[in-house]
Amino acid sequence: MGDEKNGWGPFEDLGAPADTAPFLAVAGDGRVGVYYIGPDKDVTYFGQNPDRSGWTAPASTGASLRRYPVVAQFQDGRPLIFLIGTDGALWHVWTDAQGPEGFKAIDTFGGGNAASIAVTRGRDGRLAFFHANTAGEVYVIRETAPSAGWGTSPSRSTAVMTSPPPPSPTGGSLSSPPLTAGPASMSRNPPAALGHRPWR
């Protein structure tokens, strides 16, 4: 259905079966990456070709989840994805290149009762990854330096949620779209307005 009057071409079928609405991130080289949850609850992606002539074939990040992921970027522009796995633990997967593809093997921060996640960036360029567990306790882990790795383990914040977050779904269709997370934005289910003290 093209609309030449308004400058739009026809829709193009990208052949990517999705169980959620897609969410986007611009990689360090300026190309758009498209991320979504496939029918098997796997985080799948495709991106613009290097010459911007079209799109790559859909590929798996190797990450299976039970909650919506958060997409962010290192200060150097490399995409990374945070998520709560099917085991309730905190996981992340990232690229070593500036493009939207080429994810490394998924790695874990540990845990087992995570309920919601959020990520932001401090003034010094370091990412901070927050999560609330099913008891309502809030934890944070920060990069040791921008784009240079993480601290040894999440540390507990002084914040405690007034009511525990609802249990994460363990099955069924993920039909509601997550929110795109950029360098300083949050997930669909962030531990927002918790009264945690600012960090530097």
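Values in this text are rule-based calculations from the coordinates and carry no lab data. Keep in mind the model is a prediction, meaning the values are calculated, not measured. No Cβ is skipped: glycine too gets one built from the backbone with ideal geometry, and neighbour counts run over all protein chains shown.
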Rg over Rh [alpha-carbon atoms, Kirkwood Rh] for the range 13-160: 0.97
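Using 0.36 nm per residue of separation minus the Cα-Cα distance, give me the extension gain between residue 144 and residue 89 in nm, one decimal. It would help to have the intermediate numbers written out before the result.
On the way: separation 55, 0.36 × 55 = 19.80 nm, distance 2.13 nm.
Going from the current span to full extension adds 17.7 nm.
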Formal net charge of residues neighbouring residue 61 (Cβ-Cβ distance under 11 Å; K, R +1; D, E -1): -1
Label-zone membership for the range 31-45, site residue 12, 7 angstrom Cα→C-beta point, backbone N under 15 Å: 31-34
Counted charge near residue 148, where neighbours are those whose Cβ lies closer than 14 Å (Asp, Glu -1; Lys, Arg +1): 0
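Neighbour counts of other C-beta atoms within 10 Å: give me 53, 60, 116, 147 arranged from fewest to most. All intermediate terms of the calculation are to be shown ahead of the outcome.
Values: 53 7, 60 13, 116 25, 147 16.
Ascending number of Cβ neighbours within 10 Å: 53, 60, 147, 116.
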